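The values are calculated or read from the model by the stated rules, or taken from the named source; none is laboratory data. Nothing here was measured: the structure is a model prediction, and the numbers come from that model. Don't worry about glycine lacking a Cβ; one is built from the backbone with ideal geometry, like all the others, and counts go over all protein chains shown. Accessible surface areas use protein heavy atoms only, side chains included; no ligands, DNA or RNA. Shrake-Rupley method; radii C 1.70, N 1.55, O 1.52, S 1.80 Å.
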Amino acid sequence: MDTSMDLWTSLNTSLAVTKQGLDPKFVSEALKGGAQGADLEEAFIHSGVNWWSYTLDESFAESLDSQIGSLVARISPRLTAVKKIRDAGYSVQVAIAGFVEPRQVLPVSSAAVAKLASLGLPVSFTTLKASGPSEDPLAWLD
């Protein structure tokens, strides 16, 4: 199989937080103060009405396994902060999104799946149609 045709493009992996009336300052402060170690500033923090995300994309790490590894390395030391956010009524998940054409696949290694499982968070996959109008990978959070 020619794997060059089987990859998503503009792939990004995010810690996504949602809630009606979300307070982005509360989420950011909880996570930034949650641990020493890998800094959250090395990727992108976005927020909108009722959502907040910490996103690693292809400009940071090209492969999905690398994005997952980087996200897990930054979030694992902050699981107490994630619990605090969840206890405050927020939904927290790992959101993986990318542009695809029909019949493309997204290979995920067993090591990456194990890393995701270590967070104990739901994981979503969102496919965006590459041939359609330009779409924001985080648009589903709105």
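In this view, the solvent-accessible surface of D57, computed with a 1.4 Å probe and all protein chains in place, comes to about 50 Å². For segment 48-103, the Kirkwood estimate of the hydrodynamic radius, built from every pair of different alpha carbons, is 13.1 Å. If I stretch the segment between S66 and S28 completely, what's the gain in nm (0.36 nm per residue apart, minus their alpha carbon distance), one decimal? Result for the pair: 11.4 nm of gain on full extension. Placing pseudo-labels 7 Å out from each Cα toward the beta carbon at N50 and S110 gives an inter-label distance of 4.0 nm.
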